[in-house]
Amino acid sequence: MHEASSKAVNRVQPSPLSILPTVPSTDGWRAHARCRGLDPAIFHPVNEDDAADEAKAVCDLCPVREPCLEYAITAREKDGVWGGLTTRERRRIIRRRRRSA
Ligand code: SF4
């Protein structure tokens with residue numbers, strides 16, 4: 001959510017709905033992203049494995065962590081922390097899924 005639409009996010013005010021503890025439908029997950037309005041650089045640290053703690057802390061409390069992670073895996077997002085996982089961690093999931101398919 002943070003990378004592709006970060007410019008659009010900066011123009012949009014956070015919705016009060018985003019604080020509701022409900023899990024929205026798959027299509028609307030971006031509107032509930034906890035990273036809305038935050039500096040996208042947090043989610044794109046220079047060294048993901050060493051400096052992803054701040055992003056992961058945000059994702060840990062995000063109500064749409066699961067659809068975000070699935071989006072990143074499906075879209076093969078190559079950079080940044082998505083759904084609380086770094087690129088390397090997502091690659092591990094992709095490899096595991098391939099092996100079990
Ligand atoms: S899980 Fe993290 S990256 Fe994904 S929408 Fe939520 S805060 Fe943003």
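Readers should treat all values here as calculations from the given coordinates under stated rules, not as data from a laboratory. Small disclaimer: the values here were computed from a predicted structure and weren't measured. Don't worry about glycine lacking a Cβ; one is built from the backbone with ideal geometry, like all the others, and counts go over all protein chains shown.
Tabulated results
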{"read-out": "Student exercise, the stretch 54-101 dipole from Lys, Arg, Asp, Glu Cβ charges, in Debye to nearest 20", "value": "520 debye"}
{"read-out": "Under Karplus coefficients 6.51, -1.76 and 1.60, residue-wise ³J(HN,Hα) of the stretch 94-101 in Hz, glycine/proline x", "value": "4, 5, 5, 5, 5, 5, 8, 7"}
